[in-house]
Amino acid sequence: MVNFLELTSKGLYCVPGDFYIDPWFPVDKAVISHAHADHARRGMQHYLCHTLTKPILQLRLGAEISVDTLQYGEKTYINGVTLSLHPAGHLIGSSQIRVEYKGQVAVFSGDYKLHDDNLSTPFEPVKCHSFITESTFGLPIYRWKAHNLLTEEIRNWTIENHKAGKNTVFFGYSLGKAQDVLQMLDNIAPIYAHSAVKRTNDAFDAVGVKLPEHDLAEYGMAHPKSGNIYIMPPALLGSRMVKRIPNAVTAVCSGWMQVRGRRRWNAVDAGFAVSDHADWDGLLQAVAATEADEILVTHGYTEVFSRYLRELGYNAHALETQFGGDDTDTDEVDEMSGDAQNEVENG
């Protein structure tokens, strides 16, 4: 790793800049790649993130937090360190963090994906000396369908449910997958989103990110017998709130559905490999595009992916962090209303 970055007990630390990148314990200054809970944690004295990430940080961590923002490509200078944010494509506002000091450049990817979901700013490779990459789906078995084909598959399944007089319930995390699925389902039927999803969508709407029309799925609401679409957090799978929806068919949206999903989520009717992470080919493409001298592999299949990169001739090795990966958004239950939390906790 470049000599101005250190992996400490609190996270990745830029020594001359005196700031941390996605730290997992409270620090004075934190640069945040995106607002998922394993990368954006509570208790920092000051946050720096992309402009579109700010409203979600405030929603999840509190409106009173101290936070500054940058646009993509905008530079800031901290004690001789040049810092800038670049599109990661993971979700709205997600960023790769570029750090330059004395001619050496390191890029922390955060989480990223290469396919365009028509919502996030598409991933842009950043040339560097040291590239820190995730490997959530760092196995050759993980190769995603083209986004347009996946969208067509999900829409067709939903339309068939509608014709059969069914209500369709999708389970996907409130930040990232929920917005992706929502835009896939535009103009099929009325859409209702759980409060955790709706609040996230409203925060983006407040800064000009427009999503397809939808309403709040309220606890205890009267449901029609057929024809609606519901988007719910996975924590509500099997809850009374969902069981009260009549004639319901259910689907989980997760990258894990590619291989092991149906065994993991055997209580649902369908599963779709919707992921906001790069697949195997995307990881390899991203690594090559950086032209980096050194590749550091974090969360996921770190040993497998770093070993494969070494076989290709890269100077690559695993870097142990406390980041999660796909489907690790621990803020889901925190964001739910009291009634919905009771649904999860009490069945």
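The values are calculated or read from the model by the stated rules, or taken from the named source; none is laboratory data. What you see is a predicted model, and the numbers here were worked out from it, not measured in a lab. Glycine also receives a Cβ, built like all others from the backbone with ideal geometry; neighbour counts cover every protein chain displayed. Surface areas here come from the heavy atoms of the whole protein model, side chains and all, with no ligands, DNA or RNA. Shrake-Rupley method; radii C 1.70, N 1.55, O 1.52, S 1.80 Å.
Quick look at the values:
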{"quantity": "Search result, residues across the range 181-190 that are on the phi < 0 side of the Ramachandran plot and open to solvent by 10 Å² or more (accessible area, probe 1.4 Å)", "calculated": "Gln183, Asp186, Ile188, Ala189, Pro190"}
{"quantity": "Output for the range 228-253, where each listed residue is in contact with a Gly (Cβ under 9 Å, 6 or more places away or on another chain), assigned to a loop (DSSP other than H, G, I, E, B) and buried (at least 17 other Cβ atoms within 10 Å of the Cβ)", "calculated": "Pro233, Ser239"}
{"quantity": "In the range 148-176, residue farthest from Gly324 (Cα to Cα) [restricted to those that are in a helix (DSSP H, G or I) and modelled with pLDDT under 95]", "calculated": "Lys163"}
{"quantity": "Residues of the range 303-320 satisfying the condition of being surrounded by 20 or more Cβ atoms within 10 Å (Cβ to Cβ) and either of a type in the set (A, V, I, L, M) or at pLDDT below 95 (or both)", "calculated": "Leu309, Ala316"}
{"quantity": "Filtered residues of the range 38-67 (kept if of a type in the set (Gly, Ala, Ser), open to solvent by 10 Å² or more (accessible area, probe 1.4 Å) and under 20 Å from Phe323 (Cβ atoms))", "calculated": "Gly43"}
{"quantity": "Selected residue (only one of Leu91, Leu70, Leu150, Leu83 is open to solvent by less than 50 Å² (accessible area, probe 1.4 Å) and within 17 Å of the chain's Cα centre (by Cα))", "calculated": "Leu91"}
{"quantity": "Ser120 being touching a strand residue (DSSP E or B) at 6+ places or on another chain (Cβ under 8 Å), surrounded by 22 or more Cβ atoms within 10 Å (Cβ to Cβ), more than 20 Å from Tyr20 (Cβ to Cβ) and not aromatic (Phe, Trp, Tyr)", "calculated": "yes"}
{"quantity": "Every residue from the range 203-221 that is in contact (Cβ under 8 Å) with a residue 12 or more places away in the chain, under 13 Å from Leu182 (Cα atoms) and exposed (fewer than 13 other Cβ atoms within 10 Å of the Cβ)", "calculated": "Glu213, Asp215"}
{"quantity": "Residue pairs meeting the criteria (Cβ under 9 Å; at least 6 apart or on separate chains; first at pLDDT below 95, in the range 33-57; second open to solvent by 30 Å² or more (accessible area, probe 1.4 Å) and assigned to a strand (DSSP E or B))", "calculated": "none"}
